[in-house]
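Notes follow the structure.
The values are calculated or read from the model by the stated rules, or taken from the named source; none is laboratory data. In this text the structure is predicted, and so the values were computed from the model without any measurement. Counting neighbours? That spans all protein chains shown, and the Cβs are built from the backbone with ideal geometry, glycine included. To get the accessible areas, we keep the full protein, side chains included, count just its heavy atoms, and leave off ligands, DNA and RNA. Shrake-Rupley method; radii C 1.70, N 1.55, O 1.52, S 1.80 Å.
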Amino acid sequence: MAPSVGQFDRDAWNALGGDRNPFVSHEFLTALEDSGSVGAGTGWDPVPIVITDADENLLAAMPSYAKGHSQGEYVFDHSWADAYQRAGGRYYPKLQIAAPFTPASGPRLLLSDDALAPHLLKGAEAVCLKNGLSSAHATFIESAQVPLFEAGDWLIRSDIQFHWFNRDYGSFDGFLAALASRKRKNMKKERAAAQDGLRIERLSGADIKPKHWDAFWVFYQDTGARKWGTPYLTREAFTLLGERMGDRIVLILAFDGDTPIAGALNFIGSEALYGRYWGCTRDVRFLHFELCYYQAMDIAIEMGLSRVEAGAQGGHKLARGYEPVQTQSAHWIADPGFRAAVADFLERERGGVDTDQVFLDQRTPFKKG
């Protein structure tokens, strides 16, 4: 266990998985650390768990945080915390294995060899037991790694997000051709209305200037204040993200004349485009859908990416071509009695999630038959 991801060599860390998923990259995680978005006073204290060889070469790593609350996780365990504390237990602190503030799937065990997975999981359990932590939680695990947690006897939880899949569309019109006629017409109308009188720009790398981040910071604060009470990221975080991984960022801004009025921030992975934050200073009908969903589809098609992950929640995404997908988290509970109660809850919850997915699958806008 170390005090920060910044303690490790960037290339050695990224070689374990950060080169394909932006949110477990050294650049992303250290930008959060160095900007004060995680660390002292935030309830997210970095405690990365690693395996090294005799020469201190990094073999495996787990981006982990000692959490004093359940904010910024998007897999809700407040009811678990309440139940455990009413029964006389102490739920916090707990260990969170995650990309902070990021409901996007990705590797949570960064491995040079899958054979190291059991040792990394046992390491997480040992950290909990040694430090009196109630539990460990790995959230938004990519599907390929779920069996590694199952083999370690961690409890698996499912939820539903909405992702858009690029089925080799040559253009946005190619995607529209796969839709039912009424849905196709609705999307065309929404895009036209959103763009009317505005200029939309996509910026990456060195093209993102401080003035653009300043504008986006205003948008982000507005959305954050309404959704979470306090925005999670500091202003400096955006500067550092731009400096350290600007080539993996697409910032989409809408301008009225020379004035930016709305924006959406996306990160580029090896297979997916990840939509993260959005905000505006003026309400324009359908502009949220245009910047967050339709522009993201355009970018994914142009870049040959297989999907767009547009974040948590949002049943309105369904009508815009985003499909229901189950996401997974894994949970280790120290107390045997509490573990049994959580396992029973998850078994019942899983049936409801499966039923919801069947219901939602029948309501996508694609042509039937």
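Odds and ends about this structure:
- Output for the range 81-124, where each listed residue is open to solvent by 10 Å² or more (accessible area, probe 1.4 Å), assigned to a helix (DSSP H, G or I) and closer than 20 Å to Pro147 by Cα: Asp114, Ala115, Leu116, Pro118, His119, Lys122, Gly123
- If only residues of the range 268-296 that are surrounded by fewer than 19 Cβ atoms within 10 Å (Cβ to Cβ) and among the hydroxyl-bearing types (Ser, Thr, Tyr) are counted, the one that is nearest to Phe165 (Cα to Cα) is Ser270.
- Tally of residues being open to solvent by 30 Å² or more (accessible area, probe 1.4 Å), aliphatic (A, V, I, L, M) and either more than 28 Å from Ala312 (Cβ to Cβ) or part of a helix (DSSP H, G or I) (or both) across the range 162-194: 3
- Verdict on Gln221 being over 20 Å from Gly18 (Cα atoms), out of contact with any helix residue (DSSP H, G or I) (no Cβ under 7 Å at 6 or more places or on another chain) and outside any helix (DSSP H, G or I): no
- Where Thr355 falls short, out of the listed (1) hydroxyl-bearing (Ser, Thr, Tyr); (2) open to solvent by less than 20 Å² (accessible area, probe 1.4 Å); (3) free of Cβ contacts under 8 Å to residues at least 24 places away in the same chain: (2)
- For the range 232-273, the set of residues classified as touching an Asp or Glu at 6+ places or on another chain (Cβ under 7 Å), more than 22 Å from Gln195 (Cα to Cα) and part of a strand (DSSP E or B) consists of Ala272 only.
- From the options Gln326, Gln313, residue that is over 18 Å from Arg248 (Cα atoms), open to solvent by 20 Å² or more (accessible area, probe 1.4 Å), part of a strand (DSSP E or B) and not hydrophobic (A, V, I, L, M, F, W, C): Gln326
- Within the set Asp55, Asp11, the sole residue that is outside any loop (DSSP other than H, G, I, E, B) and either surrounded by fewer than 21 Cβ atoms within 10 Å (Cβ to Cβ) or aromatic (Phe, Trp, Tyr) (or both) turns out to be Asp11.
- Evaluation of Lys227 against (1) at pLDDT below 95; (2) farther than 25 Å from Glu323 by Cβ (one fails), failing number: (2)
- Unique match (being among the hydroxyl-bearing types (Ser, Thr, Tyr), farther than 26 Å from Gly18 by Cα and in contact with a Ser or Thr (Cβ under 9 Å, 6 or more places away or on another chain)) among Thr234, Thr259: Thr259
- Residue match in the range 238-251 (condition: of a type in the set (Ser, Thr, Tyr) and surrounded by fewer than 16 Cβ atoms within 10 Å (Cβ to Cβ)): no
- Complete set of residues in the range 18-28 that are surrounded by 22 or more Cβ atoms within 10 Å (Cβ to Cβ) and either of a type in the set (S, T, N, Q) or in contact (Cβ under 8 Å) with a residue 60 or more places away in the chain (or both): Gly18, Asn21, Pro22, Phe23, Val24, Ser25, Phe28
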